[in-house]
Amino acid sequence: MQDKRRGFLRNAALGGGLTAFAASFSTTAGRMLDHVRGKDAPHSKLHGNSLAPEFSVDPASGKLSVNPQQQVSYTMCMGCTTFCGVRVRIDKADGKVLRVAGNPYSPMSADPALPYQTPIRASFVALSRFQEKAWPAARPPAAAATPSSNRWIRRSACWRR
C-alpha cells in the first residue's frame with residue numbers, strides 16, 4: 001500500500017512538472033516550428049525585420065526627408081524619480097509605439113544637450129550627425145588617469161589639434 005501511494009505521488013509530481021514545462025515552452029516550440037516551415041522569413045534580405053527609418057538625411061546635400069507614416073513625440077520617462085527625457089516613435093496607422101530613445105534636448109539623455117531653441121527638423125539632422133555641424137562630438141574628460149599609473153594628468157581642452 002505504501003509503495004502504491006509513493007508511486008502515485010511521484011508520477012503525479014512528474015506529470016505536473018512536465019505539464020508546466022510544456023505550457024511554458026509552447027510559445028518557443030511554436031516559433032521553432034514556424035522557423036523550420038519558413039513562416040518567419042524577414043521582410044528584407046538586407047535589413048531583416050528592422051523598422052523603417054523615421055527620417056533620412058541626404059549625405060551630399062544634407063536635405064532631410066521625414067517618414068510620413070511615423071510621428072515623433074518628445075516626453076519624459078516616469079520609470080523612476082529622475083524623469084529622463086525621451087523621444088517616442090509612434091506608428092500613425094495604429095498608434096503603436098515603435099521605439100523609445102533618448103531626447104537630444106534633455107541634459108539627462110544627451111551630452112551635450114541641444115539648445116531648446118533648435119528646431120525639430122534641425123534636431124533630426126543633429127541626430128544623424130551630418131557633417132558633425134549641429135551636435136559636437138563628445139570630448140574626453142579634462143583629467144584622466146594614465147594606464148600605467150594612478151596619477152591624474154591634465155589634458156588640454158582642444159584635444160583634437
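The values are calculated or read from the model by the stated rules, or taken from the named source; none is laboratory data. Values in this document were obtained by computation on a predicted structure and should not be read as measured data. Neighbour counts are summed over all protein chains in view; Cβ atoms, including those assigned to glycine, are modelled from backbone coordinates with ideal geometry.
Is at least one residue of region 1-21 in a strand (DSSP E or B) and among the hydroxyl-bearing types (Ser, Thr, Tyr)?
no
If I ask for residues that are at pLDDT 90 or above and among the polar types (S, T, N, Q), which ones from region 1-42 would you list?
Once the filter is applied, which keeps residues that are at pLDDT 90 or above and among the polar types (S, T, N, Q), region 1-42 yields Asn11, Thr19.
Within the bounds of region 94-109, is there any residue that is basic (Lys, Arg) and over 18 Å from the mean Cα position of the chain (by Cα)?
no
In region 74-108, what residues are of a type outside the set (A, V, I, L, M, F, W, C), farther than 17 Å from Thr118 by Cβ and not in a loop (DSSP other than H, G, I, E, B)?
Across region 74-108, the qualifying residues are Thr75, Arg89, Asp91, Arg99.
Given the criterion touching a Pro at 6+ places or on another chain (Cβ under 7 Å), surrounded by 10 or more Cβ atoms within 10 Å (Cβ to Cβ) and modelled with pLDDT under 85, identify the matching residue among Ala113, Ala52.
Ala113
Which one is nearest to Tyr105 (Cα to Cα) among residues in region 40-67 that are in contact (Cβ under 8 Å) with a residue 24 or more places away in the chain and not in a strand (DSSP E or B)?
Only one residue tops the list, namely Glu54.
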